[in-house]
Amino acid sequence: MTLPAPATQLEALLCGCDSVYTAEELGARLALKRPLRVKLGMDPTAPDLTLGHTVVLRKLRQFQDFGHQAVLIIGDYTAMIGDPTGRSKTRPMLTAEQVEANARTYLDQAGKVLDLSPGKLEVRHNSEWLSPMTCADVIKLMSEMTVARMLERDTFAKRQAEGKEIFLHELLYPLMQARDSVAIRSDVELGGTDQTFNNLCGRDLQRSAGQPPQIVMVMPILIGTDGKNKMSKSQGNYVAVTDPPGEMFGKIMSIPDSLLRNYFELLTDEAPAAIDRLTDARQCNPRDAKEALARSLIAKYHSPAAAELAATEFRRVFGGGGGLPDEIPEVVLPADLLHDGQVPVLDLVTHCGFVDSRGEGRRLVNERGVRLNGQVIEDPLGSVAIKNGDILQRGKRKFVRLVVG
């Protein structure tokens, strides 16, 4: 395959980036007129990818389409450490079994964006080179970084100022991620703004190893559906790539109007002029813009037919006339969950899959996001009486019919 002109590639590849280290180096590397090795690392700390992950995946796909070699690093080893980036406290360390279970789904989900054709994508697991490291190898790796520079990181500096603990294994994370770049001889590394420090460490280690330093391309962070924080499963403000069409549609319809431009620019291929029109309330009702966005995303990650059905169902249920969805999944409540016909609220929302943790469930109930037969549940620490056929609802989108086992 003949690569397009370097200038054409450079203009397109820089579009949408938050920052590049450096654009001049990228131009020079493209001028070599050879396929570049473009790295993206993903730690399988959770089983599902969110729309936030697709921002960098879409940029990686752009490199593929220009004829470059995408290298997807499954961080099965680094995931056991846990990236400390943006964390106010130490992540719990995952077991190898937990990481493996999460990693199984990653490639299928990434394939909704990337070209998985032979020769287009190289998939590597960083346990390949990190697991065999000896204690001497680790000491040599640590000699590449000073404590002072490591503590310049916002995450560590903030924790130190607040008197919070920083564990030594967390200091190893950026170096191990950087070691990935040396192992696969990357020309370019992609990441979000929260990964800038880690990605730049890769440049340093490559210089030490006698390799040309990779170009680091930093993509903007996608804000979650709450309009405040980075999209994250732990925050409960996410849209998963694997969300059912109806749930995905409802989540997109719930985002604040202020996020429309961010979502259109980072998640779709709409032309700038079209985005200007869709995000201008004088030209397009925000509700119509959200529907166009939801249709586009569901068509991409499911099918156009699924997008049409989701839109029709959403209008029927929430178009002003009320009503319930035609199909409501059933959830069986085991006998040991009930006590005198009642179920603790947090046990109920967790068992029904509305949340992944009791902490997330407490937040959801406190925000008046759970209804039983149309009535808001107000006390997250209380219990509710349940009978066969009751309808439990999360927000405006998710319904389950309860069956007492």
query = Restricting to the chain, what percent of DSSP beta bridges are antiparallel, rounded to 5?
reply = 45 percent
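Where does the chain land at 222 nm, in deg cm²/dmol rounded to the nearest 500, when only DSSP H runs of n ≥ 4 count, each adding -39500 (n - 2.57), divided by all residues?
Details: 18 runs with 176 residues, N = 405.
Taken over the chain, the calculation gives -12500 deg cm²/dmol.
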task = Compute the projected area of the convex hull of the Cα atoms of the chain, averaged over all viewing directions, and report it in nm² to one decimal place.
result = 23.1 nm²
note = Label model pair Gln283, Lys158: point-to-point distance (7 angstrom along the Cα→beta-carbon line) in nm is 3.7 nm
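Just reorder Asp187, Asp379 by solvent-accessible area, largest first, 1.4 Å probe, all chains present. Could the numbers behind the result be given before it?
On the way: Asp187 10, Asp379 85 Å².
So, going from the largest accessible area down, we get Asp379, Asp187.
May I ask you to order 141-148, 284-291 by the average number of other C-beta atoms within 10 Å around their residues, highest value first? Mind showing how you got there, number by number?
Working: 141-148: 12.8, 284-291: 15.5.
Output ranking for 141-148, 284-291: 284-291, 141-148.
What does the highest-first list of 53-62, 364-373, 344-353 look like by mean Cβ count within 10 Å?
Numbers: 53-62: 21.8, 364-373: 16.9, 344-353: 19.4.
Most protected by this proxy first, the peptides run 53-62, 344-353, 364-373.
Suppose R0 equals 30 Å; then what is the FRET efficiency for Leu14 and Glu128 from their Cβ-Cβ distance, rounded to the nearest 0.05? Walk me through the numbers before you get to the answer.
Numbers: r = 32 Å, r/R0 = 1.06.
So, using R0 = 30 Å, E works out to roughly 0.40.
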key: Debye-sum result for the stretch 357-398 in log10 I(q)/I(0), which assumes one identical scatterer on each alpha carbon, at q = 0.16, 0.17, 0.29, 0.33 Å⁻¹   = -0.38, -0.43, -1.12, -1.25
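Reported to two decimal places, what Rg/Rh ratio describes the stretch 301-405 when computed on Cα atoms with Rh from the Kirkwood expression?
Numbers: Rg = 14.7 Å, Rh = 14.6 Å.
Ratio value, two decimals: 1.00.
Quote to one decimal, in nm, the extra length available between Asp269 and Asp356 on full extension: 0.36 nm per residue of separation minus the C-alpha distance between them.
Working: separation 87, 0.36 × 87 = 31.32 nm, distance 3.20 nm.
Separation in residues times 0.36 nm, less the Cα-Cα distance, equals 28.1 nm.
Dividing the Cα radius of gyration by the Kirkwood radius, what Rg/Rh value follows for the stretch 177-286? Please report the intermediate quantities before stating the final value.
Values: Rg = 18.3 Å, Rh = 16.4 Å.
Computed over Cα atoms, the ratio is 1.11.
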task = Go through 31-44, 387-400, 126-139 and give me the packing order, highest mean Cβ count within 10 Å leading.
result = 31-44, 387-400, 126-139
request  = Calculate, for the chain, the solvent-accessible area per residue in square angstrom, rolling a 1.4 angstrom probe over the heavy atoms of the protein chains.
outcome  = 47 Å²
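With every protein chain kept in the model, how would you rank Ser186, Ser234 by accessible area, 1.4 Å probe, largest at the top?
Ser234, Ser186
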key: Long-range HN-HN contacts of Ile377 with modeled amide H, under 5 Å   = Val370, Arg371, Leu372
note = If R0 = 25 Å, then Ile328 and Asp194, at their Cβ-Cβ distance, give a FRET efficiency to the nearest 0.05 of 0.05
ask   = lysines within cross-link reach of Lys387: Cα-Cα under 23 Å, excluding same-chain residues under 8 positions apart?
value = Lys396, Lys398
note = Between Asp390 and Cys135, the two model label points (7 Å from Cα along the beta-carbon direction) sit apart by a distance in nm of 5.8 nm
remark   = FRET efficiency (Leu3, Thr105; Cβ distance; R0 41 Å; to 0.05) is 0.80
message = Residues of the stretch 25-53 with the amide nitrogen closer than 15 Å to a label point 7 Å from the Cα of Ala96, along Cα-to-Cβ, please.
response = none
key: Contour excess over end-to-end distance, with Cα ends at Ala209 and Ala305 and 0.36 nm allotted per residue   = 29.4 nm
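The values are calculated or read from the model by the stated rules, or taken from the named source; none is laboratory data. Source: prediction; values computed, not measured. Here Cβ is always computed from backbone atoms with ideal geometry, including for glycine, and neighbour counts include all displayed protein chains. Protein only, heavy atoms only, side chains kept; ligands, DNA and RNA dropped before computing areas. Shrake-Rupley method; radii C 1.70, N 1.55, O 1.52, S 1.80 Å.
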